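A.B. asks: Below is the structure I would like to discuss, written out as structure tokens.
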Amino acid sequence: MAEESSKKYLLGNDAIAHACLESGIDFVSGYPGTPSSEVIDRLRTQKDPWFYLEWSVNEKVAFENALAASWCGLRSIVTMKHVGLNVAADPLMTSSSTGTKGGFVILSADDPFAHSSQNEQDSRMYAKFAQIPCLDPSSVQEAHDFIKSAWELSEKFSLPVLFRPTTRICHSKSDVELGAQTPSTRKGAFEKNPKQYVVVPAHTRVLHVELTKKQEAVAKHLVDAGYNKAEIRGKKLVIAGGISASYVEEILADDISFVKIGAYPIDREWLAGIVAQHEEVLVVEELMPVIEEAVLAASNGVVVHGKLDGTLPHEGEFSTALVAKALAAVGFAENSYPEAPVAAEVPARPAILCPGCLHRSVFYAMKKVFKDGIFPSDIGCYTLGLQLGAVDTTICMGASVTVGSGIAHSVEGAEVVSTIGDSTFLHTGVNGLINAVYNNANQTVIILDNRITAMTGHQPNPNTGMTACGVESPKISLEELARACGVKFVEAVDPYDLTHLLAVLKEAKEKKGVKVIIAKQPCVIMNKRLGIKRNRYVVDSDRCLKCGACIRYGCPALETDENGAARTTSLCTGCGVCADICPAGAIHKGGARS
């Protein structure tokens with residue numbers, strides 16, 4: 001039974017997922033990454049799904065799966081965060097030439113201000129580079145509506161469509177007008193057409209010409225379809241796109257013209273005609289000056305303000321207060337919008353590893369054994385090892401092993417210890433390990449195996465033993481995989497057994513070449529959700545030396561009392577590492593956890 005139309009208060013990503021259901025989606029793939037993860041998380045809870053869904057091992061794999069589904073006539077979507085689009089860039093740049101058959105949507109969620117990312121990348125630049133349409137919603141409702149129409153746009157022009165929500169769209173909530181779910185009855189079928197799908201030079205030269213020819217028609221359609229629209233109200237003009245358009249609409253005076261850009265490419269003739277009616281223009285957009293450069297090209301002497309003249313920053317998220325300040329700076333309005341200062345007494349709350357997290361004990365042991373070590377790391381919860389002095393580099397997914405190899409070959413006698421999570425290792429770490437073995441890099445690689453993709457919301461991966469839909473699947477053996485890559489020294493350890501962990505690290509230190517240690521312990525949050533309990537540890541205050549050894553370990557479940565003696569709190573998960581650290585044997589198992 002199809003779900004009736006309704007209005008619901010939804011998270012942006014939930015609204016996007018619902019739009020997929022309304023559009024009769026056939027194929028869903030992706031790799032988890034904040035702020036995009038909840039889209040697939042929501043879709044995989046659908047009862048009696050008519051569509052195929054998977055968490056793929058990385059974004060390139062996910063992209064190619066979804067593109068192939070489109071070639072088979074199915075409506076497909078691939079989801080990722082903005083840096084994941086870098087991983088998928090190779091097939092992206094060719095998919096615009098091969099084109100699509102069934103509608104194909106690429107959801108790339110950008111993260112201005114880098115709330116949970118290593119950079120502030122603007123996915124609109126990829127759309128321009130690949131010559132494909134890009135939809136840039138300004139509200140949760142628009143996110144729902146735009147993605148619902150994205151498949152029609154893709155099918156009209158036989159092109160992939162990039163959909164670019166930002167963190168403020170993905171993770172905000174709003175009332176959303178929803179339509180009825182429309183289960184698909186499509187059947188996939190692949191029609192051979194080598195001239196379209198085999199991009200040898202002779203074919204791709206022709207395909208590139210056809211791609212270029214589509215651009216003008218796409219740009220005009222985006223105006224005709226209402227993605228890009230203008231209100232002429234005076235001689236001053238504000239042009240805005242994405243979430244910034246909502247900030248502008250909130251405070252813009254009635255006598256100032258407004259152009260809202262919701263999609264790219266922008267029709268040059270249309271834009272030039274609008275700009276020509278005005279004396280001065282302010283362009284408001286987050287991150288790169290994509291709209292601003294188009295406006296400057298169409299300005300014909302009209303004064304243009306924005307990022308390039310310093311009116312607005314290139315970095316970070318915008319806000320209504322920031323827009324009000326920019327309007328005042330160019331004389332479009334007085335700045336009467338109140339800024340709410342951050343209260344001075346609010347303490348900083350930096351992210352920290354959970355009590356009982358396996359990563360903490362591994363970092364502690366690494367620093368004990370490799371006192372002069374260099375510690376390349378990777379993308380995941382364990383990046384928080386930075387606070388423990390156990391992370392020296394982090395660039396992108398899978399880079400710990402390769403950066404470690406580069407350092408090992410560059411610094412004579414360097415003791416390199418690279419850390420990488422199980423999901424990240426399977427994402428892009430395997431090739432780096434093969435390369436390290438092939439080129440005989442002298443480093444120790446520690447795979448932090450918590451059996452889940454933790455930082456992005458505990459999604460399963462090939463090491464978990466189940467698919468995104470909860471179906472049991474073969475569990476990848478990281479030990480066998482490491483050996484298959486040519487590693488001779490492969491050891492699995494329990495990071496809660498500190499004595500054994502230290503011994504294995506010391507053994508690895510004495511050997512040359514690539515050594516792999518797999519630290520295995522399920523994520524403590526997953527254990528809690530599954531109801532797995534361990535006895536809490538307690539401190540015998542009479543035996544406590546007040547030496548601070550356990551406190552320096554850094555576990556949030558340890559603190560000192562009014563007399564300076566250590567004690568555990570209700571946060572204790574029962575890992576027992578602190579008991580191994582205590583030189584007086586003052587820490588021991590207590591009662592069961594509540």
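Just so you know, all these numbers are worked out from the coordinates, no wet-lab data involved. Computed from a prediction, not measured in an experiment: that's the story for all the values here. Backbone-built Cβ (ideal geometry, glycine too); neighbour counts: all protein chains shown.
A.B. asks: Per residue of the range 323-331, in order, report the coupling 6.51 cos²θ - 1.76 cosθ + 1.60 (Karplus, θ = phi - 60°) as ³J(HN,Hα) in whole Hz, putting x for Gly and Pro.
C.D. replies: Per-residue couplings from phi come out as 5, 4, 5, 5, 4, 5, 5, 9, x Hz.
A.B. asks: Once the Cα atoms of helix 498-509 and of the chain are each reduced to a long axis, what angle between those two axes, in degrees from 0 to 90 to the nearest 10, is obtained?
C.D. replies: Approximately 80 degrees, to the nearest ten.
A.B. asks: Taking H placed 1.01 Å from N in the peptide plane, check which residues at least 5 places from residue 283 or on another chain put their amide H under 5 Å from its amide H.
C.D. replies: 239, 305, 306
A.B. asks: Answer with one residue from 498, 384, 469: the one whose Cα lies farthest towards the positive end of the charge dipole of the range 358-529, charges on Cβ with Lys, Arg +1 and Asp, Glu -1.
C.D. replies: The listed residue farthest towards the positive side: 498.
A.B. asks: Now for a separate question. Can you compute the FRET efficiency between residue 488 and residue 535 using 1/(1 + (r/R0)^6), with r the Cβ-Cβ distance and R0 = 41 Å? Round to the nearest 0.05.
C.D. replies: Numbers: r = 38 Å, r/R0 = 0.94.
Step by step, r from the Cβ atoms, then E = 0.60.
A.B. asks: Mind running the shape call on the range 433-474? Use the C-alpha gyration tensor, a ≥ b ≥ c as the square roots of the eigenvalues: rounded below 1.5 for a/c, prolate if a/b tops b/c, oblate otherwise. Write out the running numbers ahead of the final one.
C.D. replies: On the way: a/c = 3.83, a/b = 2.28, b/c = 1.68.
It comes out prolate by the Cα gyration axes.
A.B. asks: Please sort 189-199, 42-52, 341-351 by packing, taking for each peptide the average over its residues of neighbouring beta carbons within 10 angstrom, highest first. List each step's numbers first, then the result.
C.D. replies: Details: 189-199: 12.2, 42-52: 15.2, 341-351: 6.3.
Put in order of decreasing packing, that is 42-52, 189-199, 341-351.
A.B. asks: With +1 on each Lys and Arg Cβ and -1 on each Asp and Glu Cβ, and nothing else charged, work out how big the dipole of the range 6-224 is about its Cα centre, in Debye to the nearest 20.
C.D. replies: Details: 24 positive and 25 negative charges, 104 e Å.
For this selection, approximately 500 debye.
A.B. asks: Please give me, ordered by residue number, the GluC sites (Glu not before Pro) of the range 483-581 that lie in loop per DSSP and have at most 11 other Cβ atoms within 10 Å.
C.D. replies: On the way: sites: 491, 507, 510, 559, 562; in loops: 510, 562.
Listed in order of number, the matching sites are 510, 562.
A.B. asks: Need one number: nm distance between label points at residue 507 and residue 349, each 7 Å from Cα along Cα→Cβ, rounded to one decimal.
C.D. replies: Result: 4.3 nm between the two label points.
A.B. asks: Same structure again: Which aspartates and glutamates, on any chain, are close to residue 213 with Cα under 18 Å apart, when same-chain ones fewer than 8 places away are left out?
C.D. replies: Qualifying aspartates and glutamates at Cα under 18 Å: 155, 267, 269.
A.B. asks: Out of all DSSP beta bridges in the range 358-529, what portion is antiparallel? Express it as a percent rounded to 5.
C.D. replies: Values: 2 of 22 bridges.
Of the beta bridges lying entirely in the range 358-529, close to 10 percent run antiparallel.
A.B. asks: For q values of 0.11, 0.13, 0.18 Å⁻¹, compute log₁₀ I(q)/I(0) with the Debye formula on a Cα-only model of the range 52-175, without solvent.
C.D. replies: Values returned for q = 0.11, 0.13, 0.18 Å⁻¹ are -0.33, -0.47, -0.91.
A.B. asks: Are there GluC sites (Glu not before Pro) in the range 264-309 that DSSP puts in a loop and that have at most 12 other Cβ atoms within 10 Å, and which ones? Numbers along the way, then the final one.
C.D. replies: Details: sites: 269, 279, 280, 285, 286, 292, 293; in loops: 279, 285, 286.
Answer by residue number: 279.
A.B. asks: Using θ = phi - 60° and the Karplus form 6.51 cos²θ - 1.76 cosθ + 1.60, what ³J(HN,Hα) does each residue of the range 419-431 get, whole Hz, x for Gly and Pro?
C.D. replies: These are the phi-based 3J(HN,Hα) values: 10, 8, x, 5, 5, 5, 4, 6, 5, 8, x, 5, 4 Hz.
A.B. asks: Work out, in µm²/s and without decimals, the Stokes-Einstein translational diffusion coefficient of the range 358-529 at 20 °C, 1.002 mPa s, Rh from Kirkwood over C-alpha pairs. Intermediate values should be presented prior to the final figure.
C.D. replies: Details: Rh = 15.8 Å.
Translational diffusion coefficient: 136 µm²/s.
A.B. asks: Rounded to the nearest 0.05, what FRET efficiency is calculated for residue 93 and residue 434 with R0 set to 25 Å and r the Cβ-Cβ distance?
C.D. replies: Values: r = 25 Å, r/R0 = 1.00.
Computed FRET efficiency for residue 93 and residue 434: 0.50.
A.B. asks: Let me ask something else about it. Pairing the Cα long axis of helix 358-369 with the longest principal axis of the chain, what angle in degrees results, from 0 to 90 and rounded to the nearest 10?
C.D. replies: Orientation of helix 358-369: about 60 degrees from the principal axis.
A.B. asks: Can you tell me the order of 354-365, 203-214 when each peptide is scored by its average per-residue count of other Cβ atoms within 10 angstrom, highest first? If you can, show how the numbers build up before the last one.
C.D. replies: Working: 354-365: 25.3, 203-214: 13.7.
Result, highest mean Cβ count within 10 Å first: 354-365, 203-214.
A.B. asks: Which entries in the list 60/148; 509/546; 367/520 go over 29 Å, if you measure between the two C-alpha atoms of each? Could the numbers behind the result be given before it?
C.D. replies: Values: 60/148 24 Å; 509/546 32 Å; 367/520 19 Å.
Beyond 29 Å between Cα atoms: 509/546.
A.B. asks: Here's another thing I want to ask about it. Residue 331: net charge of surrounding residues, Cβ under 15 Å, Lys/Arg +1, Asp/Glu -1, itself excluded? Don't skip to the end; give the middle numbers.
C.D. replies: On the way: positive: 235, 236, 325; negative: 255, 279, 280, 309, 334.
Net charge in that neighbourhood comes out at -2.
A.B. asks: To the nearest 20 debye, what charge dipole does the chain have about its Cα centre, counting +1 at the Cβ of each Lys and Arg and -1 at the Cβ of each Asp and Glu?
C.D. replies: On the way: 58 positive and 67 negative charges, 403 e Å.
Approximately 1940 debye in magnitude.
A.B. asks: Take the range 535-592, drop everything but the C-alpha atoms, weight them equally and run the Debye formula without solvent; then report log10 I(q)/I(0) at 0.12, 0.22, 0.24 Å⁻¹ to two decimals.
C.D. replies: With one equal scatterer per Cα and no solvent, log10 I(q)/I(0) is -0.21, -0.75, -0.91.
A.B. asks: Which is farthest toward the positive dipole end of the range 6-224 among 163, 33, 202, measuring Cα position about the Cα centre, with Cβ charges +1 (Lys, Arg) and -1 (Asp, Glu)?
C.D. replies: The residue sitting most towards the positive pole is 202.
A.B. asks: Determine, from the Cβ-Cβ distance of residue 563 and residue 184 and an R0 of 56 Å, the FRET efficiency 1/(1 + (r/R0)^6), rounded to the nearest 0.05.
C.D. replies: Numbers: r = 67 Å, r/R0 = 1.20.
Efficiency, from the Cβ-Cβ distance: 0.25.
A.B. asks: Once phi is turned into ³J(HN,Hα) by the Karplus curve 6.51 cos²θ - 1.76 cosθ + 1.60 with θ = phi - 60°, what whole-Hz value does each residue of the range 73-90 show in order, with x for glycine and proline?
C.D. replies: So the Karplus estimates, Gly and Pro as x, are x, 9, 7, 10, 9, 10, 10, 5, 8, 4, 5, x, 5, 4, 5, 8, 4, 4 Hz.
A.B. asks: Sticking with this one: Just how far, in whole angstrom, is the range 186-229 from the range 127-160 if you go by their alpha carbon centroids?
C.D. replies: Comparing the Cα centres of the range 127-160 and the range 186-229, I get a distance of 14 Å.
A.B. asks: Something else about it: Please list 533-546, 134-147 highest first by mean number of surrounding beta-carbon atoms within 10 Å per residue. Could the numbers behind the result be given before it?
C.D. replies: Numbers: 533-546: 15.8, 134-147: 25.1.
Going from most to least packed, we get 134-147, 533-546.
A.B. asks: Let me ask something else. Report, largest value first, the span of the C-alpha coordinates of the chain along each principal axis, in whole Å.
C.D. replies: Sorted from largest, the Cα extents of the chain read 81, 62, 58 Å.
A.B. asks: Follow-up question, since we're still on this one. Note down, for the range 6-224, the three equivalent ellipsoid semi-axes (square root of 5 times each alpha carbon gyration tensor eigenvalue), biggest first, whole angstrom. It would help to have the intermediate numbers written out before the result.
C.D. replies: Details: eigenvalues 134, 75, 56 Å².
One finds semi-axes of 26, 19, 17 Å for the range 6-224.
A.B. asks: Right, next: Can you give the angle from 0 to 90° between the axis of helix 140-157 and the longest principal axis of the chain, with both taken from C-alpha atoms, to the nearest 10?
C.D. replies: The helix 140-157 is inclined about 70 degrees to the chain.
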